[in-house]
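Each value in this text was obtained by applying a stated rule to the coordinates, not by laboratory testing. This one's a predicted model, so the numbers in the text were calculated from it and none came from an experiment. Please note: Cβ atoms are built from the backbone with ideal geometry, for glycine as well, and neighbour counts cover all protein chains shown.
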Amino acid sequence: MSSFIDIEFVCTCGHTVTSLIQVPPPDYAAVKTKDSLNESLEQVYCFECEAEHEVYSSNSFAGITCCINDDDIEVSFTMAPTDNESETDLDWLIGHSRQFCIFEMQIDHVKGLLAENITEDHLFGLHIMLYGHIVAATESYLASTFIHHVTNSRALTKKLVETSPYFGNQKFSLQQLFQKQNAIEQVVASYLQDMIFHDIKKVKPMFKEVLNIDFGNVSWLFKAVSLRHDCVHRAGYDKNGNPVRIYEETVNELLEQSWNFVRVIENQLKDRGPKI
């Protein structure tokens, strides 16, 4: 399971930047500490000057390290508080089957907010938030749907393990093999929970290979995910400081595209019946 750290550093503009960073777990199958190292790279933004910083984090048996690509900037970090939420989340993802109902409710919330009388001065912020929310709702639907169906089917779990490069590269002792086998649903769900489901380039073939679900043409979703980055991380501005062009019709178009996309997946799931 991935860990999270709270990082803090002073940007070159003098503004103190704080962020929550996800750190990959060490390679528990490794024998030596040096072989257990896993690394990740995340972009962290200074909302004062809009500078973009590359934050490198690594995790091994020796512990977690974190640094920034600028040698003049020192970063400090502490482990983010943890509780039993991760285990609870996994149990919920595996057990519940209301993915479409939740997506439908989230879409209805967006429609309700669009119908409100909002002053012209506040429309930009509203559209930015709603656009990001629709993409997040779609991503959440993809994640929860895939995890639920795969972890509740031995056949689909087997298919994922056989087709995923991640599991193909794992090395276990016989003792570890039996331990993993007894909790395979939790192992698979934990791996999937750490996946980034807005990486459509990876998610689309995964749905096809494991669930035999065809997304069709989702070029619009690639564009929406890219635009969501500006909505969430830059509050509606691109890296050059220009406001992104999101209007009510833009939000409504994304609403319709996301709704139709999810319906396509739901129909394909129903066509497969209880065997999936």
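Some points to look at:
- Calculated FRET efficiency for the pair residue 247/residue 270, C-beta based, R₀ 30 Å, to 0.05: 0.30
- Applying the Karplus relation 6.51 cos²θ - 1.76 cosθ + 1.60 with θ = phi - 60° to segment 204-218 yields 3J(HN,Hα) values of 4, x, 5, 4, 5, 5, 9, 9, 6, 9, 9, 6, x, 7, 10 Hz, where x marks Gly and Pro.
- Above-threshold pairs, the threshold being 19 Å between Cα atoms, out of 159/202; 32/202; 159/223: 32/202; 159/223
- Label separation (residue 39 vs residue 102): 3.5 nm, computed from points 7 Å beyond Cα along the C-beta direction.
- Gain on full extension, evaluated as 0.36 nm per residue between residue 118 and residue 163 minus their Cα-Cα distance, stands at 11.3 nm.
- Under 19 Å from residue 34, Cα to Cα: aspartates and glutamates that are on another chain or at least 8 residues apart: none
- Distance between segment 212-273 and segment 106-155 - C-alpha centres, whole angstrom: 9
- By other beta-carbon atoms within 10 Å, ranking 75, 150, 218 with the fewest at the front produces 218, 75, 150.
- Summarising the label geometry, the points placed 7 Å from Cα in the beta-carbon direction at residue 64 and residue 12 lie 2.7 nm from one another.
- More than 16 Å apart - percent of Cα-Cα pairs taken over segment 3-79: 50
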